[in-house]
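S.K.: Got a structure for you, questions after.
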Amino acid sequence: MNLKKTDKKIYDLIKKEIKRQKEEISLIASENYVSVAVLEALGTPLTNKYSEGYPNKRYYAGNEVIDKIETLAIERAKKIFSAEHANVQPHSGSQANTAVYLALLKPGDTVLGIDLSSGGHLTHGSPVNISGKFYKFHNYGVNKNTEMLDYQEIEKTALAVRPKLIVCGTTAYPRSIDFKKFREIADKVGSYLMADIAHIAGLVVAGEHPHPFPHCDVVTSTTHKTLRGPRGGLILCKQTDRLDKENTNLAGKIDKAVFPGIQGGPLDHVVAAKAVSFLEASKPIFKKYIKQVVKNAKAMAKEFEKNGVRVVSGSTDNHIVLLDVSKYSESSKKTQNDLEEVGIIANRNTIPYETKSPFDPSGIRLGTPSITTRGFNEKDSVFLADLIIKIIKEPTAKNKREVKKEVAKLAKKHSIY
Ligand SMILES: *Cc1c(COP(=O)(O)O)cnc(C)c1O
């Protein structure tokens, strides 16, 4: 029985969500639209299989085909990221990070990570997350004037707190990260270095962001942001643990931490879809896509600055444009709602040295991965930025009506699926 006949309610809601995605324009920096090929792999009977363990080391029978699929996913991940080892089983980016902490740390160990208001993720030591509850996280932030990472300051903090692990990588940092500098700091204090490239994975693969290898011991990522794969996580690492003289098998530690450390059986349909997306990311057309993602973000940042809407750090090197809307708007929550009313989906966000509450902070975070998948070029992006500026500055009923019409036209012109 098909879905429509079995469960009309869910069928109708899925239809509604597809319609919403088609008619609205997403500028959520962590979202993207996967290909039909990725969707096809996701909706398969692979979801029926149990395959605890790793290729050729499973606990259940019947895994000949699954072994081949996971091996392909691993080989492709290693290739596109130039990695010595890959684990494609983490169910999400958060799971990937949690597994690395379990592999490298003991409860109570000291870790150095970026603070939330400078773009850190919950899994980088937030008190409400398992990372903050089990490990002693210390923070570094960005420089108050440049709003960029200040490697001298980070080194000072590292020397003071002597972390076992340094975590770099963010959710809302619009500039490039210098992994080489982080490695120099890690070497000075004898710590592991982990890069969380959840947001920039696609840029790394396409060569539009400095590469975390060979500098990092471990690299974690999501597969669904700029990488444009299915929702999921990924861990890449070196084979050898350079700090543990007793057990130098870093790859083995990472695998053990994922399963049986924090997960049971992998989601084989998702692993297959990851493999498809890794293949797609290896093609020249993906490189072209990512180049356009960055061009669109730069064009938008320039347009905002030109029109007096402050862009955090002045510009962007990646797919993120972080706006400080406090000059025009009492409430970024209201601005987020105003934008939603006209069909532009973005999220409110803290900015460096945030003075307001995280529930109603000063910033709006925009990202170009989704619009670029829809075929937006710089001209379309600047046009969209102008519509956003209109709503930020003067969210009148008349302006909203006008902008809503333009957004509908844009969405229709750049269709998905
Ligand atoms: C999105 C993100 C994650 C978490 O990914 P989930 O799949 O939502 O768990 C982790 N780290 C960073 C830096 C992220 O941006």
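S.K.: Could you list, in sequence order, the residues of the range 113-138 that are in contact with a helix residue (DSSP H, G or I) (Cβ under 7 Å, 6 or more places away or on another chain), assigned to a loop (DSSP other than H, G, I, E, B) and touching a residue at least 12 places away in the same chain (Cβ under 8 Å)?
M.R.: THR123, HIS124, GLY125, TYR135
S.K.: Which numbered condition in (1) more than 30 Å from LEU339 (Cβ to Cβ); (2) touching a Leu at 6+ places or on another chain (Cβ under 7 Å) is the only one that THR71 fails?
M.R.: Single failed check for THR71: (2).
S.K.: Next question, about the same structure. Can you tell me which residue in the range 115-126 is surrounded by the most Cβ atoms within 10 Å (Cβ to Cβ), limited to those that are closer than 19 Å to THR355 by Cα and more than 9 Å from the ligand (Cβ to nearest atom)?
M.R.: So, considering only residues that are closer than 19 Å to THR355 by Cα and more than 9 Å from the ligand (Cβ to nearest atom), the one surrounded by the most Cβ atoms within 10 Å (Cβ to Cβ) is SER118.
S.K.: Next question, about the same structure. Tell me, which residue of the range 139-168 that is assigned to a loop (DSSP other than H, G, I, E, B) and touching a Ser or Thr at 6+ places or on another chain (Cβ under 8 Å) is nearest to the ligand (Cβ to nearest atom)? Step through it out loud before you land on a result.
M.R.: Step one: list which residues in the range 139-168 are assigned to a loop (DSSP other than H, G, I, E, B), which gives 141, 143-148, 150, 162-164.
From the residues that got through so far, the ones that are touching a Ser or Thr at 6+ places or on another chain (Cβ under 8 Å) too are 141, 146-148, 162-164.
Working: GLY141: 15, THR146: 21, GLU147: 18, MET148: 17, ARG162: 24, PRO163: 18, LYS164: 19 Å.
Per the stated criteria, the residue is GLY141.
S.K.: Would you confirm whether any residue within the range 177-184 is under 15 Å from the mean Cα position of the chain (by Cα), within 16 Å of the ligand (Cβ to nearest atom) and of a type outside the set (Asp, Glu)? Break it down into steps so the answer makes sense when it comes.
M.R.: First pass over the range 177-184, keeping only residues under 15 Å from the mean Cα position of the chain (by Cα): 177.
Filter once more, keeping what is within 16 Å of the ligand (Cβ to nearest atom): 177.
Imposing the further condition that a residue be of a type outside the set (Asp, Glu) reduces the set to 177.
The answer is yes, given that some residue of the range 177-184 is under 15 Å from the mean Cα position of the chain (by Cα), within 16 Å of the ligand (Cβ to nearest atom) and of a type outside the set (Asp, Glu).
S.K.: Working only within the range 52-82, note down all residues that are touching a residue at least 40 places away in the same chain (Cβ under 8 Å) and touching a Lys or Arg at 6+ places or on another chain (Cβ under 8 Å). Before the answer, list the steps.
M.R.: So in the range 52-82, the residues touching a residue at least 40 places away in the same chain (Cβ under 8 Å) come out as 52-54, 66, 69-70, 72-73, 76-82.
Result: GLU52, ILE66, ALA73, ALA77.
S.K.: Still on this model: Just for the range 299-328: of the residues that are within 17 Å of LEU387 (Cβ to Cβ) and surrounded by fewer than 20 Cβ atoms within 10 Å (Cβ to Cβ), which one is nearest to the chain's Cα centre (by Cα)?
M.R.: Going through the qualifying residues, I end up with LYS302.
So that you can scan it fast, the table gives a plain yes or no per residue for (1) of a type in the set (Ser, Thr, Tyr); (2) under 19 Å from GLU402 (Cβ atoms); (3) touching a Phe, Trp or Tyr at 6+ places or on another chain (Cβ under 8 Å):
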residue	(1), (2), (3)
LYS302	no, no, no
TYR328	yes, yes, no
ASP360	no, no, no
GLY363	no, no, no
ARG374	no, no, yes
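S.K.: Scan ILE351, ILE364, ILE389 and give me the residue that is free of Cβ contacts under 8 Å to residues at least 60 places away in the same chain and either among the aromatic types (Phe, Trp, Tyr) or over 26 Å from SER35 (Cβ atoms) (or both). Don't jump to the end; show me each part of the working.
M.R.: Details: ILE351 fails: free of Cβ contacts under 8 Å to residues at least 60 places away in the same chain; ILE389 fails: free of Cβ contacts under 8 Å to residues at least 60 places away in the same chain.
Just a single option satisfies the conditions, and that option is ILE364.
S.K.: When LYS188 is evaluated against the numbered criteria (1) crowded, with 17+ Cβ neighbours inside 10 Å; (2) in contact with an Asp or Glu (Cβ under 8 Å, 6 or more places away or on another chain), which criterion, by number, is the only one it fails?
M.R.: It is condition (1) that LYS188 fails.
S.K.: While we're on this one: Give the range 206-233 a look and list any residue that's of a type in the set (A, V, I, L, M, F, W, C), farther than 24 Å from ASP244 by Cα and surrounded by 24 or more Cβ atoms within 10 Å (Cβ to Cβ), or say none. Reasoning before the result, please.
M.R.: Residues of the range 206-233 of a type in the set (A, V, I, L, M, F, W, C): 206, 213, 216, 218-219, 227.
Next cut, farther than 24 Å from ASP244 by Cα only: 206, 227.
Across the range 206-233, the qualifying residue is only LEU227.
S.K.: Also: Return the residues of the range 355-395 that are among the polar types (S, T, N, Q) and in contact with a strand residue (DSSP E or B) (Cβ under 7 Å, 6 or more places away or on another chain); say none if nothing qualifies.
M.R.: SER362, SER370
None of the figures in this text is laboratory data; all of them are computed from the coordinates on show. On a predicted model such as this, the values are computed, not experimentally measured, just so you know. Virtual Cβ from ideal backbone geometry, glycine too; neighbours counted across all protein chains shown.
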